[in-house]
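What follows is one structure encoded as structure tokens, with my remarks underneath.
The values are calculated or read from the model by the stated rules, or taken from the named source; none is laboratory data. These numbers come from a predicted model, not from an experiment. Note that each Cβ is placed from the backbone with ideal geometry, even for glycine, and that neighbours are counted across all protein chains shown. Areas reflect the complete protein model, heavy atoms only, side chains present, ligands, DNA and RNA absent. Shrake-Rupley method; radii C 1.70, N 1.55, O 1.52, S 1.80 Å.
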Amino acid sequence: MKSGKLIGLIVVCVFMISISFSFTADAKEFKFGQILAMTGSGSWYGMTMERGTGIAIEEINAAGGVKGYNFSYVVEDHKSGLTTPAQNAFRKLTSIDKVSAILSSFSAPTLSIMSMAEQKKIIVFNGGASSPKLMNIPFLHNTRMLGDEILPFTLKYLWDKGYRTMATIYANQTAPISLNDAGKKYWESLGGKVVSEQMHETGATDFTSEASVIKAKNPDIILCPSTGLDVGYVIKAVRKMGIKAPICGTEHSGDMEKVTGDASEGYLFASEFFDVNSDDPWTKTFVAAFKKKFNEDPDFYAANYYELTYILKELVTRVVDKGGDPYDGSLLEKAIWDNPKFKSIYGGYMKFKENGTCEKPVVLFEIKGGKPMVIKKRSG
Amino acid sequence: MGLFLQLLTRGIITGSLYALLGVSWGIIYNTTRTFHFAHGFIYTFASYSILVFTWMSVPLIPSLLLGLFTATLAGCAVEYFAYLPMRKKSASQLSIFLTAMGIMIAGQSLIHLVFGPDSRPLEGFPEHVISLGTVTFTTVDLFTVLLCWIVIVCLFAFLGHTKAGMMIRAVSSNPEKATFIGIDSRRIFVLVFGIGSLLVGIAAFLSTIDKPATPNIGLGALLISFITVFLGGVGRLGGAVLGGIILGIAESLVIMVLPTEYKMMVIFLILFLVVLIKPEGLLGKKIA
Amino acid sequence: MEYLAHTLNLAFIFVILTVSLNLILGYGGMASMAHAAFFCIGGYISAIVTMNLGCNFLIGVLTAIIATAAVGGALSAPFIKVQEEYLILFTIAFQMVVYHLMLSLYNITGGDSGIFGVPAASLFGYTADTPARFLPFMAAFLFIVYYVAFKITKSPFGRVLKGIREDEKAVSSLGKNVIKFKVIIFMVGTGIAAGAGGVFAHYTRFISPTIGSLDQSILIIAMVVLGGTANLGGSALGAFLLIIIPEVLNFLPGASDLIVPLRGFIYGALLIFFMRFRPEGLIPEYFHLRSRKRTLPGARTGKQPADDCLHFSMTSEEKMFNRTGPILEVKNLSKSFGGLRAVDNFFMSLDKGKITALVGPNGCGKTTAFNLVTGFLKPDKGQIHFAGKEITNLPAYKMPHIGIARSWQDIRIFQGMTVMDNLLLARQSQAGESVIRLFIMPWRVRREEEENIKKAFFYLSSMGLAEKGSEIARNLSYAEQKLLAIARLLATEAEILLLDEPSSGVDPNWVKQFMQIIRGLAASGKTICIVEHNLDLVRGVSDTVYFMAEGQKIAQGTAEQLMADPKLGEIYFGV
């Protein structure tokens, strides 16, 4: 039974290593966890989010920390949306790093840890994903608005321009499905007509058949609330089939431009708006610090995680002021409701809602010359 | 009717590309009976080779030729350095397949390591919309269909009318007999891998001018290649062409009756029914 | 330490997955690319069943196992039937379709968000709501899986699987339905994977399609290959290594964009390396067996094939056919390949207890006729009757069961198996060859096995191979291998023995010995038909000779009569 011995040996070694790592926690710190997309197709998101958190921590610690606690974080990887790594990360963060708060991203990884988080009373914040499934879950708070609440802004704009019929095409994912429903409902409430609805496979690249169907229905506008590259391929196929109707959606990224090329001209989308040119003093210092360190403007993901770190700071202050232990997640959770209004990096204040989401300023963009240009604003 | 014609056109465009993918894998499988899983890697490799040459500011056509050449070499190398030594050891089909899978995964990851996960468009091919009545397509589509069929016709002419082609057919119909009459099947195998890789390189080029390359485009192409072959019939290259066309058209027309997210299901259903009713494939020879 | 308990649970799940895939890949010799898909389906079934019916998690897991095994078996069977590549085709396609379906059927599966809040596992008031509390459940499940896998692979069922991996045709010539065995082991493997999925869903209390992706399937394959195919201990090792190494790497700083592709590269390189240079994996298959030898009853008293062993006692089954006259009749038999009429209107009848020889020039259709009679080819036309019953279209694997068995020109013994296992595999209708009976009536399996060993030993000693029982067949000399092939044929206890060129490749002394054996067999009541080139042998043993040319019987008589005919000589020697 040589194999048995070998396995035993390996198991023992691994345990020893793991245990030796586990005695490194420092009591003088307030350590929180982050479970982000550090590798895989979404690694860009993880990077920008971690930058936001990093800058906030530097600022907080430079100002002497919070009530005797220095802030620090441990970042773990959910590999761009995988659930098992997210669960592993959760177990590690809560049992080795003993965190009481976790900043998460993406919807499936976040959902996958929520049963455990509720059981262990760990407060979880998500500033990346926007999905109706993330609503109304104990201990989970989203600092992104629900897309369903933003989309009407875009549709109203198009309605006012005189468009009346709409075709939709959306990915078979939770968020796009819900957005499609919301969009359809809103459009019909205005008196418009939805002439075709098509659900597509996430990650598909050839949408010419779908575009053919849209062409046959001849709609005034096309709604595509899919995410990532999917939108790009849809836009490309629609234009390729010679359809001239305006396309609107909910997302835009640089990678998507590589897929569409010129075809994205005129694409409309609305989102929460983090204005790097804002006059708000706090925003100004953040943008300056970010620019100094990374030599580019922060995007709204970086801003969200920067903001989240400050929200944590506020919560820790509240808990410690009352004589509580910030490593108790249920106290952090309770502290939110002492006053759900927090200072926002978007300017002014943001407010947590009972359903687990929040409200922020929204802006409508149109792609002009390959770049998103602001064409209309709505304040939070 | 307009929609039907439009979808049929799309199906023929996609089907032509599928047919090319099918023959590229089929010629290898029919001749060597190797489940060449690494074909997907050759596809990705071809795409990136062409891209790399264009980045070195080589014009499009010379880049294409250079890219195809390196892809062909890569295909031959896989046969010569990976499969051939295993066949010599008379390794099982299963272990050759697992090796092929290893090459596919390792190769794809290597491309990811070197070029990152981003989409890489191949620019420089003029794309214009052409409308004929209710049917719309682009110059890229037209070029794709023409090139696919020219290449397929050339391949069949090569197999039917040249000495090397006859030798390939001899080996694929009966390897032992072919050895009897003095054909070195090892060299034929390397040749066939070269041809298959050249063909898949052309397919990779055609799809990269339409859609940007990413490190994992190979898997989808691979799936289509072998499903096409098994659907159309093992042992007869015409089967792969037929399989490709059927698959392309089915995939496009299914949208008239089912939501499009069931595309994959329909392909699988067709495959399942064919295997159930006629296991040797639509045009295949009966399996003893 | 919750994290350690969690990692251990996770590793156990993967050990279970690896062991179950090893049953398919290693023992069954089939590539399944859809293992993670079955794992995920199991998770969903169990989650949905327990959430909708509010029943105990065990019921959910059990439903998952049964439903997935049934569906997996039904869908894969048509593909397994064709050729080995078809299962690869099926499993890849299945993997992709299932993954997409789980995303598309969002009303049932929750789409990409998955199902959240799967009930925790609980039993008799003990709720496993933390990793540490789940560990006993996981360990118990692992134990059961290991026990089942061990039992199956060490049973007569496992022996047939090993035979199939070595030589499918030889196995079906010994009366085993190869397809059935393959489908069953595929079902067992997928069932276990689904069970693991169910357990996993109740452990993490969440299930989403990401655990059922192709990447996961490939990871499990890499684990099997790393640990060693057809080796259960190796599977555990492979799973532990590939689960724990990345977890340990997590503790190292500098996680970057490179990790995912790097890991892919390492898995791929592992596959290439192991397949090329160490296909047996870290731990080879016969690792435990090398030092242990099976003790055989009377292994020391083996005899050389002498006169006395040629008088076979007749068993009761044999007496059933104890009558004279034609026992196998072939009428009108025809078979064409393309345009070539390989066998054309062929007639033949074999008399009980007689030796019949089939001779003719190369390519005259003897071997085809042989394959037609034994069910390895289907005739285009004509009938075959055995003991008055029509058996024309009976598949090859049913022949030994009714009493017709064949040998092969190229021996086709199972080179990598022990001599004893070669014979045991030839025994008909063994209870241990059914997975279900293996577990519900182990006593019967054990008793039968003892009996079969005795019988096998009897046939081995009759060929003078008694002392070689525990040797690996490939270590025998060529002549011994030929004797082993005959012993194996006899172990089927078939009434009619068809021997394909028994004397090819051996020296004249052996032929003499063989002639004695064959006459002894006929004397004991066996009906024998040989295809042979060696005319001395034909003259020496045969009662009747059929002369074939161009697919037809052109002469029939005793050896002397035919050899006296100069015309036949001309045809035979092509003068």
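Looking across segment C:65-86, just one residue is in contact (Cβ under 8 Å) with a residue 60 or more places away in the chain, among the hydrophobic types (A, V, I, L, M, F, W, C) and in contact with a Phe, Trp or Tyr (Cβ under 8 Å, 6 or more places away or on another chain), and that is C:I80. Among the conditions (1) over 20 Å from C:I404 (Cα atoms); (2) open to solvent by less than 40 Å² (accessible area, probe 1.4 Å), the only one that C:W443 does not satisfy is (2). Within segment B:268-279, restricting attention to residues that are within 20 Å of the chain's Cα centre (by Cα) and at the interface with chain C (Cβ under 9 Å from one of its Cβ atoms), the residue that is farthest from C:F79 (Cα to Cα) is B:F268. Scanning segment B:111-159 for residues that are within 15 Å of B:S47 (Cα to Cα) and open to solvent by 80 Å² or more (accessible area, probe 1.4 Å) turns up B:V114, B:E123. Just one residue in the set A:I311, A:I235 is among the β-branched types (V, I, T), out of contact with any Pro (no Cβ under 8 Å at 6 or more places or on another chain), buried (at least 18 other Cβ atoms within 10 Å of the Cβ) and under 19 Å from A:G52 (Cα atoms); that residue is A:I311. When segment A:154-197 is filtered for residues that are open to solvent by less than 20 Å² (accessible area, probe 1.4 Å) and away from chain C (no Cβ under 14 Å), the ones remaining, listed by number, are A:T154, A:L155, A:L158, A:M166, A:A167, A:T168, A:I169, A:G183, A:W187, A:G192, A:S196. Tell me, yes or no, whether segment B:38-48 has at least one residue that is open to solvent by less than 20 Å² (accessible area, probe 1.4 Å) and outside any helix (DSSP H, G or I). So far as segment B:38-48 goes, yes, one or more of its residues are open to solvent by less than 20 Å² (accessible area, probe 1.4 Å) and outside any helix (DSSP H, G or I). Any residue that is crowded, with 23+ Cβ neighbours inside 10 Å, more than 14 Å from chain A (Cβ to nearest Cβ) and within 11 Å of B:S225 (Cα to Cα) - is there at least one of those in segment B:12-19? Within segment B:12-19 (the criterion being crowded, with 23+ Cβ neighbours inside 10 Å, more than 14 Å from chain A (Cβ to nearest Cβ) and within 11 Å of B:S225 (Cα to Cα)), the answer is yes, since at least one residue qualifies. Exactly one residue out of C:G268, C:G264 is surrounded by 20 or more Cβ atoms within 10 Å (Cβ to Cβ), facing another protein chain (nearest Cβ under 8 Å), at pLDDT 85 or above and within 25 Å of B:D118 (Cα to Cα): that is C:G268. Given B:A164, B:A157, which one is more than 14 Å from chain A (Cβ to nearest Cβ), aliphatic (A, V, I, L, M) and in contact (Cβ under 8 Å) with a residue 24 or more places away in the chain? None of the other options fit; the residue is B:A164.
Among the numbered conditions (1) away from chain A (no Cβ under 14 Å); (2) over 12 Å from the mean Cα position of the chain (by Cα); (3) not hydrophobic (A, V, I, L, M, F, W, C), the only one that B:T214 does not meet is (1).
Exactly one residue among C:L21, C:L17 is touching a residue at least 12 places away in the same chain (Cβ under 8 Å), touching a His at 6+ places or on another chain (Cβ under 6 Å) and open to solvent by less than 10 Å² (accessible area, probe 1.4 Å), and that residue is C:L21. Counting the residues of segment C:377-405 that are farther than 15 Å from C:S334 by Cα and of a type in the set (D, E, K, R) gives 3. If we scan segment B:63-74, do we find a residue that is surrounded by 22 or more Cβ atoms within 10 Å (Cβ to Cβ), in contact with a Lys or Arg (Cβ under 9 Å, 6 or more places away or on another chain), modelled with pLDDT under 95 and not acidic (D, E)? No, that holds for no residue. Report, by residue number, each residue of segment B:92-110 that is without any contact (Cβ under 8 Å) to a residue 60 or more places away in the chain, over 18 Å from B:F45 (Cα atoms) and facing chain C (nearest Cβ under 7 Å). Answer for segment B:92-110, where residues must be without any contact (Cβ under 8 Å) to a residue 60 or more places away in the chain, over 18 Å from B:F45 (Cα atoms) and facing chain C (nearest Cβ under 7 Å): B:L94, B:S95, B:L98. Quick check: anything in segment B:120-138 closer than 30 Å to B:T31 by Cβ, more than 9 Å from every other protein chain (Cβ to nearest Cβ) and assigned to a loop (DSSP other than H, G, I, E, B)? No, the conditions are met nowhere in segment B:120-138. Among the candidates C:A222, C:A149, C:A239, C:A194, the residue that is assigned to a helix (DSSP H, G or I), small (G, A, S) and farther than 24 Å from C:P279 by Cβ is uniquely C:A194.
Any residue in segment A:51-68 that is over 29 Å from A:K292 (Cα atoms), away from chain C (no Cβ under 11 Å), open to solvent by less than 10 Å² (accessible area, probe 1.4 Å) and in contact (Cβ under 8 Å) with a residue 40 or more places away in the chain? Taking every residue of segment A:51-68 in turn, none turns out to be over 29 Å from A:K292 (Cα atoms), away from chain C (no Cβ under 11 Å), open to solvent by less than 10 Å² (accessible area, probe 1.4 Å) and in contact (Cβ under 8 Å) with a residue 40 or more places away in the chain.
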